[in-house]
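None of the figures in this text is laboratory data; all of them are computed from the coordinates on show. This structure is a prediction, so every number in the text was calculated from the model and none was measured. Please note: Cβ atoms are built from the backbone with ideal geometry, for glycine as well, and neighbour counts cover all protein chains shown.
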Amino acid sequence: MSDIELRTGPTHDVAALAALIRGRTLLPGDDGFADACSGWLLTVEHRPAVVVVAADAGDVATAVTYAARTGRAVAVQSTGHGKSLPADGAVLIATGELRELSVDPDAATARIGAGLRWGEVVAAAAPHGLAPLCGSSAEVGVMGFLTGGGLPLAARTYGFAADRVRSLDVVTADGRLRIVSPGAEPDLFWAVRGGKGNFGVVVAAEIELLPLRTVHGGELYYPGEDPGHTAHVLRSYLAWAREQPEEMSSSVTLVRFPDAPQLPPEFRGRSMVQVRTVYVGDEEQGARLVRPLRALGPEKDTCAAMPYSRITEIYQDPRHPVAAHLRSALLRELDDDAAAELASFIDPARTEGPFPGIQLRHLGGALDRPPARPHAAGTRGAAFLLWMRLPAPPGRAEAARAAADEVLDRLRRWDTGALLPGFLFDHDAAPDRVRRAWSEADHRRLSALKARYDPDRLFRVNHNIAPAAP
């Protein structure tokens, strides 16, 4: 049991709950309620019974206890990037104000509160010549990323971000704050890293930092108006990727832009192929490795040595909330037929929307090796992660889903059938899709641990793992 002050009392009604917490308790109609319920992904809308804006771990524990006593589910949100189910009638714990952040340069570690985003952690570590394993967006919350395993930009070199977690502070369904690590409740430590939000509310983490000041990386943009040329660029990228050392991580994105005035003129109404690279190593070697990509004649090339503090600029992920349909799959090695199929989706002759963004992230390398600190995430030997972001404004959601279905149907030959925990989205909330995120053995272990730590499924507003039968 932690020595933090856990505030307990007759938390059977909201007034009693509000009296026990240091943060804020918000009801529908209160100032700040709508903002607390919103988040980056606008296609999932939360309508909770109450929002607890937690000021500390004690508030989280009190909110969990209140939910258990009143028979309500618990939902957790920091940035709202990973929303999967509406939190209707639930107790929504907003962790955005848990903003502890300290860097120990001698130990090369950071202690991070649940309200932090990766950009803040990167900025704090950089003056010490250190870096966390972050993803493509500076705006993504740290805890959602880590509990999904965390696929970093340098994944082929270092593996999952969960590999570098030393300990987690977790409030479980019984209202207890547990400090879990390889030496303290190792089963729960394993499950939380990759098991998503099924086992409790992570309020803080201690992670290892890497001695990384610079990387060689950037973007190369190729015209995609000619499907034949698009397929050639994609085939060339796939052949190039197969030959890369694990110090090189990369992706390719096929995108078709609408002719919209808010876009830069060079993108309006165009199809593009975007290759992104992150090389950890000597600058000259990084430049040599991208030469074959430059030989393909990109219109734009930003590949160069850069400070690690700017690494998330490579992907230019949306900073503001979006209404989008997100999907993913784990794919085998791709051949020329797969390249032709993918190229067809950004053919300008397909004038109808939605306008897809289809990305392939190259896997392998360190991701295929057992981590030093085992966790519940894994690619199971897949060669690529496919993930899609399709605009889904009001009235267009079904069209976006149909377009994603078409992509996956035509790539079925290369689909492993597995999913990655950190790339489960609202479409993946059904039990049969949730199971695909783990091997059969890992899912059985997770289910047994769910029965141990959350038998009443308090944490079910998520990609839920059912507790094993007694």
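Here are the numbers for this structure:
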read-out	value
Backbone HN-Hα couplings from phi across the range 268-275 [Karplus 6.51/-1.76/1.60, Hz, Gly and Pro as x]	4, x, 10, 9, 9, 10, 10, 10
Burial ordering of Tyr315, Tyr237, fewest other beta-carbon atoms within 10 Å first	Tyr315, Tyr237
For His46, residues with placed amide H under 5 Å, excluding near neighbours	Ala87
Sites Glu406 and Ala304, calculated FRET efficiency, Cβ-Cβ separation with R0 56 Å, nearest 0.05	0.90
Helical mean residue ellipticity (222 nm; -39500 (n - 2.57) per DSSP H run of 4+; nearest 500) of the chain	-7000 deg cm²/dmol
Shape category assigned to the range 214-262 from the gyration tensor of Cα positions, a/c cut at 1.5	oblate
Fewest-first sequence of Thr147, Thr230, Thr214, Thr65 by Cβ atoms within 10 Å of each Cβ	Thr214, Thr65, Thr230, Thr147
Projected label distance in nm at Glu139 and Ala15, using a 7 Å step from Cα toward the beta-carbon	4.0
Computed lengthening from Asp335 to Arg242, 0.36 nm per intervening residue step minus Cα-Cα distance	32.4 nm
Footprinting exposure proxy for Asp432, Asp335, Asp56 (fewest neighbouring C-beta atoms within 10 Å first)	Asp432, Asp335, Asp56
Rounded tilt (10° steps) of 440-453 against the dominant C-alpha axis of the chain	20
Vicinal HN-Hα couplings computed from phi for the range 338-344 (Karplus, 6.51 cos²θ - 1.76 cosθ + 1.60; Hz; Gly/Pro x)	5, 4, 5, 4, 5, 4, 5
